[in-house]
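Down below is the structure, laid out as structure tokens.
What follows draws every value from the coordinates through simple rules; no lab data is involved. It should be emphasised that the depicted structure is a prediction, and the values quoted were computed from it without experimental measurement. Neighbour counts run over all protein chains shown; Cβ positions are idealised from the backbone, glycine included.
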Amino acid sequence: MGGVSYRGVGKLAYQIVAVRENETVRCERISVLIAIAKARVWTNEGWQVVITDDEGRTLEPAEFDKLLAA
């Protein structure tokens, strides 16, 4: 019986945390491209943003491109 592989489904590989004044927003995404895009938008709006990958590495905006090289 054939089936669809759901490997990785439910795993949220990238956590984005954005802080501005007394607000904190957290968001999780599977796609590295979507995570970086969302983080860059928040950065441009004045938020302090970091992305944490599935290995626990935390990257700041200047380091987001490192996620693309992985």
Subject >> Residue list for the range 12-26, given a label point 7 angstrom along the Cα-to-Cβ vector of residue 54 and an amide N cut-off under 19 Å >> reply: 12-17
Original post:
Short version: ³J(HN,Hα) in whole Hz for each residue of the range 22-29, in order, from phi by Karplus 6.51 cos²θ - 1.76 cosθ + 1.60 (θ = phi - 60°), x for Gly and Pro, what are they?
Top reply: 9, 10, 10, 10, 10, 8, 10, 9
**OP:** Determine the gain in length on full extension of the stretch residue 22-residue 65; use 0.36 nm per residue of separation and subtract their C-alpha separation, reporting nm with one decimal.
**Re:** 12.7 nm
